[in-house]
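Here's the structure we're looking at; comments come further down.
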Amino acid sequence: MRPVAFQTGTTAGTITVAVELGGAVERKSVVIPPAPVQLTEVSASRGDRTIEVVRKLREMSPLYELAKEGVDLKSIQWKAE
């Protein structure tokens with residue numbers, strides 16, 4: 001049996017595969033639970049305005065200010081609104 005590669009476009013959910021052979025149908029499901037995204041590799045390139053844009057985004061972000069002040073962002077208890 002040859003493996004079939006596919007991409008779901010999501011990181012969590014249920015994938016159900018159905019195979020029909022003759023009059024018989026077999027279904028199997030795989031549940032992929034939600035999990036935090038972890039980066040294992042990062043690459044970047046810099047253009048003429050990249051540093052200026054990053055600087056502006058940092059100025060707009062209150063989280064960046066908190067991090068600069070030494071606040072551990074993982075210790076904050078966030079509230080859904």
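The values are calculated or read from the model by the stated rules, or taken from the named source; none is laboratory data. Bear in mind that the values here come from a model prediction, so they are computed numbers and not experimental data. Counting neighbours? That spans all protein chains shown, and the Cβs are built from the backbone with ideal geometry, glycine included.
State whether the residues of the range 13-24 include one that is assigned to a loop (DSSP other than H, G, I, E, B) and either modelled with pLDDT of 75 or more or in contact with a strand residue (DSSP E or B) (Cβ under 6 Å, 6 or more places away or on another chain) (or both).
The answer is yes; a qualifying residue exists.
Name the residue that is modelled with the highest pLDDT, counting only residues in the range 26-48 that are within 25 Å of residue 15 (Cα to Cα) and among the small types (Gly, Ala, Ser).
Out of the qualifying residues, it is 29.
What are the pairs, 6+ residues apart or on separate chains, where a residue within the range 60-81 that is surrounded by 11 or more Cβ atoms within 10 Å (Cβ to Cβ) has its Cβ under 7 Å from a residue that is at pLDDT below 80?
64/58
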